[in-house]
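Trainee: If you scroll down you'll find the structure; I have some questions about it.
Derivation of every value follows stated rules applied to the coordinates shown; laboratory data play no part. Remember, predicted model here, so these are calculated numbers, not experimental data. Note that we place each Cβ from the backbone using ideal geometry, even for glycine, and neighbour counts take in every protein chain shown.
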Amino acid sequence: MGFLIFLVVIVATVAVIVINSYNDLVAFRNRYKNAYSQIDIQLQRRYDLIPNLVETAKGYMKHERETLEAVINARNSAISVSSRAARNPGDPEVMQQLGNAEAALTGALSRLMIISESYPELKADQTMTRVMEELSSTENRVEESSSSF
């Protein structure tokens, strides 16, 4: 009889440990998905700002069509990968692709900013200034959200 009670206590203890571990894993997964969704919101905001930036620059940078197209192509690629990452934020391959797409977009935006320096009228344009400030603010939010990952 004592052995049976001992066995029931052991089985009950193991069951409680397994249930608690499972609940902790579910909570971690939910926290991870929530953290990614916060990053995704900021990335979508960034993607939405880029067409405004390109449209404003287009009026001044008529001879820089290749750079503007590179920014739009990088944005479209990042949007495509981001939507796949949002569906499955735990997939390391998709997250790597997202990192690469974001790096390409950042590089294209940097080239655009460098080229825009040679257009004083563009630098003085209020719309361009506002969009650049919003883009910078959004990128800071992405960085903050990433640090909570």
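Trainee: Kindly provide the set of residues from the range 120-149 that are over 15 Å from LEU49 (Cα atoms), hydroxyl-bearing (Ser, Thr, Tyr) and crowded, with 16+ Cβ neighbours inside 10 Å, ordered by number.
Mentor: SER145, the sole residue that qualifies.
Trainee: Go through the range 44-53 and give me each residue that's more than 20 Å from LEU98 (Cα to Cα) and buried (at least 18 other Cβ atoms within 10 Å of the Cβ).
Mentor: If the condition is that a residue be more than 20 Å from LEU98 (Cα to Cα) and buried (at least 18 other Cβ atoms within 10 Å of the Cβ), then LEU53 is the only one that fits.
Trainee: For the range 107-130, name all the residues that are touching an Asp or Glu at 6+ places or on another chain (Cβ under 9 Å), under 19 Å from GLU69 (Cβ atoms) and of a type in the set (Val, Ile, Thr).
Mentor: Of everything in the range 107-130, just one residue is touching an Asp or Glu at 6+ places or on another chain (Cβ under 9 Å), under 19 Å from GLU69 (Cβ atoms) and of a type in the set (Val, Ile, Thr), namely ILE115.
Trainee: All but one of (1) of a type in the set (A, V, I, L, M, F, W, C); (2) closer than 19 Å to GLU144 by Cβ; (3) touching a residue at least 60 places away in the same chain (Cβ under 8 Å) hold for MET61; state the number of the condition that does not hold.
Mentor: With (1) of a type in the set (A, V, I, L, M, F, W, C); (2) closer than 19 Å to GLU144 by Cβ; (3) touching a residue at least 60 places away in the same chain (Cβ under 8 Å) applied to MET61, the lone miss is (2).
Trainee: If I go through the range 54-76 residue by residue, how many of them are part of a helix (DSSP H, G or I) and either surrounded by fewer than 18 Cβ atoms within 10 Å (Cβ to Cβ) or more than 19 Å from the chain's Cα centre (by Cα) (or both)?
Mentor: Here the count works out to 16.
Trainee: Go through (1) out of contact with any Ser or Thr (no Cβ under 8 Å at 6 or more places or on another chain); (2) under 22 Å from ARG130 (Cα atoms) for LYS33 and report which single condition fails.
Mentor: Going through the list (1) out of contact with any Ser or Thr (no Cβ under 8 Å at 6 or more places or on another chain); (2) under 22 Å from ARG130 (Cα atoms), LYS33 breaks only (2).
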